[in-house]
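To keep things clear, I will list the structure first and then write my remarks on it.
The values are calculated or read from the model by the stated rules, or taken from the named source; none is laboratory data. All values reported here derive from a predicted model rather than from experimental measurement. Note that each Cβ is placed from the backbone with ideal geometry, even for glycine, and that neighbours are counted across all protein chains shown.
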Amino acid sequence: MSTTDSFTHLIEDITQRVLQQVQTQVQSVIATHINQKINELVPGDEVKAIVLSRVNENLHNYTPDLSQFENSLQDVGNQVINRLNTTADAKVNEIISSKIDTVDVDKIIYDFIYSKLDKLSEQFPFKDHSILGSAIDPTGLKITGDNIEGGVITKFASTGIDDQSTQCQLTILDQGTVIENTVYAGKLEVKGGAIIDGDLTILGHITDNSAYQQLVQDASRHAQTQIGPNILDQYQDRVFERIRDEGINLSRINIDGREIVQGDRLINIVNSQLQTVGVLRDLQTGGETLLSETLYTNNKRVGINTMDPVTALSVWDEEVEIGIGKQSKDVAKIGTSRDHTLILSSNKQNNIILTPDGVATILQLRVGNMLFSSSATPPHYNSARGTVVFNENPSLGGPMGWISLGDARWANFGIID
């Protein structure tokens with residue numbers, strides 16, 4: 001059933017219901033109006049009842065003419081149907097458009113064509129130049145060298161080759177390889193002979209090996225036979241001038257087969273008469289060493305102003321000698337080995353005097369916090385409590401010395417009896 005048929009049946013049903021209600025309402029209005037007129041014209045209740053009874057009977061059998069109203073109502077229904085049809089069509093079109101918008105028509109067409117072409121791919125012919133390079137997916141594409149023949153490859157590069165030349169630089173022939181320009185290489189090895197048609201310039205060092213020595217010998221013999229033995233005499237002035245102006249760079253020097261200079265090191269120097277040497281940062285010597293006729297070292301002995309040290313360190317100052325070394329196992333000794341007096345001094349004070357007879361003279365001695373000294377007369381000066389002064393002029397009945405009780409108070413101790 002179409003939408004129009006559905007709406008038509010709906011309108012017909014509504015029309016019948018409306019007509020029934022209108023007919024009922026018309027009869028009710030007529031009855032009400034007649035009853036009102038009867039009440040106004042007929043004064044008696046009995047007559048009124050008879051008249052109303054007849055009128056209601058006739059009214060019940062009366063059917064009003066509603067054809068005009070029905071026609072009007074039918075027109076209204078048709079207008080409603082037309083509007084509903086228009087609205088429904090618009091709604092249907094809207095729904096269809098929204099559904100169409102969600103459909104990828106291009107993909108459907110592409111999938112359809114692709115499925116057809118996939119089945120015919122082996123039979124489908126492509127015209128020349130019909131496939132664009134941008135349309136080819138390079139993923140997984142592999143082209144072997146067997147499939148490449150002829151033509152010039154521009155901007156060629158590989159893992160080991162980067163072609164940046166603008167013209168031909170390398171030509172490979174069966175007879176050999178031609179290089180049109182300069183060859184730059186970190187290292188050059190030639191297996192076989194080498195012919196240099198032009199000048200040979202060496203900016204670095206020539207390694208001293210058998211081939212280099214043989215080259216020098218051959219060149220020397222050639223110079224002597226071809227040019228003459230006096231070739232060095234002819235050019236020695238120029239050589240010496242260049243050495244004077246530019247210096248000479250010798251990384252290795254051999255004398256009688258014995259290497260003397262090796263890089264920045266002097267080796268195998270047995271005898272030398274160096275008059276002036278700069279600052280030496282690290283000096284190591286072996287055997288006897290004498291510096292400025294003052295410091296002498298040899299055989300684990302150091303002598304200052306002596307070349308005959310008798311201890312680990314012997315210091316001579318004119319006729320006086322002081323020695324520092326070992327006396328016995330785990331025992332060190334500082335002293336003199338001759339008849340000399342040794343003074344231990346601080347701030348120009350003769351604190352301890354050691355004489356050759358074995359006597360040690362100490363002017364003042366501190367033991368803990370007690371200070372010991374001596375005097376020929378009783379002390380009367382301020383002194384710290386506990387300071388002891390021994391009596392240098394003892395007598396019977398006199399004190400052995402005096403002890404400070406603090407400030408200038410002193411007391412005798414040790415009565416001599």
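So residue 235 ticks every box in (1) at pLDDT 75 or above; (2) within 30 Å of residue 213 (Cβ to Cβ); (3) among the hydroxyl-bearing types (Ser, Thr, Tyr) but one. Which box is left unticked?
Unmet condition: (1).
Table: residues versus (1) modelled with pLDDT under 80; (2) over 30 Å from residue 183 (Cα atoms).
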| residue | (1), (2) |
| --- | --- |
| 101 | yes, yes |
| 110 | yes, yes |
| 114 | yes, yes |
| 119 | yes, yes |
| 151 | yes, no |
| 155 | yes, no |
| 163 | no, no |
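Which of the residues spanning the range 163-178 are assigned to a strand (DSSP E or B) and surrounded by 10 or more Cβ atoms within 10 Å (Cβ to Cβ)?
170, 171, 178
Among the residues of the range 308-324, is any under 30 Å from residue 409 (Cβ atoms) and not in a strand (DSSP E or B)?
No - not one qualifying residue is present in the range 308-324.
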